[in-house]
Amino acid sequence: MKKNIISVITLSLFLLTIGFASCLASELAVTNVRSSSGSYSVTFNNSLTVKSLKLKKVGDNYFVVLPEYVAKNKRVYPQARVLTKEANVALIDAMLNGKTSTNTALKLEYAVKKISQYQKKSNLKAFVTIVFNEALELEFKLISTRNGLWLAPASIKTGDKYKQIVDILDKDLSDSIEREVIDKYNKIVNDEY
């Protein structure tokens with residue numbers, strides 16, 4: 001009986017350790033936060049910066065206001081979404097108190113969740129949704145240029161100009177994302193996806 005209890009405890013600790021390690025591997029951590037005129041730039045996992053975030057206080061609670069693109073027809077398109085409560089709490093805490101993660105070994109993982117082909121004749125070829133560490137969703141655009149396809153980061157219109165709100169700081173990550181998106185887009189265009 002004692003042996004079985006010890007085996008169960010050992011197995012439980014092992015599973016807990018695996019769960020904890022996988023949680024750390026996919027953690028979306030705020031590693032830097034900057035504020036200017038009520039607008040924040042937040043860096044996640046030392047690899048990705050999202051700009052033009054704001055805090056809104058309602059009663060005793062704070063909410064993160066994420067960038068949106070407003071089209072000519074006044075339709076609003078969110079350019080970013082926080083998908084988990086944990087990521088939202090960490091983001092608010094970082095923006096309010098400057099509290100950032102000290103873990104510098106955190107990896108930023110991604111998944112291309114959606115590619116929507118743009119149907120009109122244009123250099124814009126597709127809208128792309130990418131999720132980072134299952135906690136942050138960002139919008140991108142796939143653009144055709146003289147040099148081929150290019151993955152444009154999320155942007156918002158300010159006056160007559162567009163302001164890029166996402167910077168992928170890790171070049172290898174940026175190249176990997178762009179290659180995967182272009183490959184998937186080409187498969188969609190060729191009806192292989």
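Each reported figure results from applying straightforward, stated rules to the coordinates on display, with no laboratory input. This is a predicted model, so every value here is computed, not measured. Note: ideal-geometry Cβ built from the backbone for every residue, glycine included; neighbour counts use all protein chains shown.
What is the fewest-to-most order of GLU137, GLU86 by other Cβ atoms lying within 10 Å of their Cβ? Intermediate values should be presented prior to the final figure.
Numbers: GLU137 19, GLU86 13.
Lowest to highest Cβ neighbour count: GLU86, GLU137.
Based on the inverse mean of 1/r over its pairs of different Cα atoms, what is the Kirkwood hydrodynamic radius of the range 59-193, in Å?
Details: mean 1/r = 0.0600 Å⁻¹.
About 16.7 Å for the range 59-193.
Based on other C-beta atoms within 10 Å, arrange GLU180, GLU139, GLU27 from fewest to most.
On the way: GLU180 16, GLU139 23, GLU27 20.
Ranking GLU180, GLU139, GLU27 by Cβ neighbours within 10 Å, fewest first, gives GLU180, GLU27, GLU139.
I need the trypsin sites (Lys or Arg not before Pro) found in the range 87-159, filtered to DSSP loop residues with at most 10 other beta carbons within 10 Å of theirs. Let's see the in-between values first.
Working: sites: LYS99, LYS107, LYS113, LYS114, LYS120, LYS121, LYS125, LYS141, ARG146, LYS157; in loops: LYS99, LYS107, LYS120, LYS121, ARG146.
Taking the range 87-159 and a limit of 10 other Cβ atoms within 10 Å, the loop trypsin sites (Lys or Arg not before Pro) found are LYS120, LYS121, ARG146.
Give me the log10 of I(q) over I(0) for the range 64-106 at q = 0.25 Å⁻¹, as the Debye formula computes it from C-alpha points; what are the numbers?
-0.91
What's the exposure ranking of PHE132, PHE63, going from fewest to most Cβ atoms within 10 Å? Provide the component values of the computation, followed by the final result.
Numbers: PHE132 24, PHE63 12.
Listing PHE132, PHE63 from fewest to most nearby Cβ atoms yields PHE63, PHE132.
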